[in-house]
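The structure appears right after this line, and notes come after that.
The values are calculated or read from the model by the stated rules, or taken from the named source; none is laboratory data. Everything numeric in this text was worked out from a predicted model, so none of it was measured. Positions of Cβ are generated from backbone atoms using ideal geometry, with glycine treated the same way; all protein chains shown enter the neighbour counts. Surface accessibility is based on the protein's heavy atoms, side chains included, excluding ligands, DNA and RNA. Shrake-Rupley method; radii C 1.70, N 1.55, O 1.52, S 1.80 Å.
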Amino acid sequence: MAASLATQSMLASPVAARVTGIRRSGANQLSSVKYLPSLRRNVNLSVRCTAEDEQQQQQKDDQPTIPKAEPQPPKKPRMSTGFSEVFAFSGPAPERINGRLAMIGFVAALGVEISKGQDVFAQLSDGGVAWFLGTSVLLTVASLVPLFKGVSVESKSDGFMTSDAELWNGRFAMLGLVALAFTEFVKGGTLV
């Protein structure tokens, strides 16, 4: 009922009459209500709440003195563990897993290239796909187990290797792996 009256009073206001082109002649033409309260804002109205000094002193005297404990740090909200939240575009899993795979892949590709003299494409055709799939599954499962348990990567990062450093290392490894494959393709042989 109150919402209906408020809506009717807004529609019956002079601003609404100018916008909609409806003219009023004394009574509200939008409803059959004879009396329609006008809801107008009084911008000069201010409300102040002050307590009496005696009331405050009496409340302090009535309460027992409790020693103050050290303030607790605010608890971090628990991370969402739903499949769609973990694998969302901005979720914690996609970039971390791809970055970890790229870091291992880049180091492995350079290691095999130095030791055997094979480029990335020769490594893949020489049985590297099976190793890639096995490593991908293993690292993906190892990365997802803590995320599904609600443990964030940021909570476990201390010291030199922080979660941000891991993200940046993964990004550079992704770029490095693509640059290595592209350079070897254009050059027609190994980089080293």
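A few points about this structure:
- Looking across the range 70-88, the residues that are at pLDDT 75 or above and open to solvent by less than 60 Å² (accessible area, probe 1.4 Å) come down to 82, 86, 88.
- Against the test of being at negative phi and at pLDDT 90 or above, the options 124, 110 yield a single qualifying residue, 110.
- Any hit, the range 142-154, residues being in contact (Cβ under 8 Å) with a residue 60 or more places away in the chain, closer than 26 Å to residue 81 by Cβ, of a type in the set (A, V, I, L, M, F, W, C) and open to solvent by 70 Å² or more (accessible area, probe 1.4 Å): yes
- Checking each residue in the range 89-106 for being at pLDDT below 85 and surrounded by fewer than 19 Cβ atoms within 10 Å (Cβ to Cβ) picks out 89, 90, 91.
- Figure legend. Inter-residue proximity from the range 113-133: first residues within 16 Å of residue 177 (Cβ to Cβ), second residues in a helix (DSSP H, G or I) and of a type in the set (A, V, I, L, M, F, W, C), beta-carbon distance below 7 Å, spacing 6+ or different chains. Indicated pairs: 118/112; 120/109; 120/180; 120/181; 123/109; 123/112.
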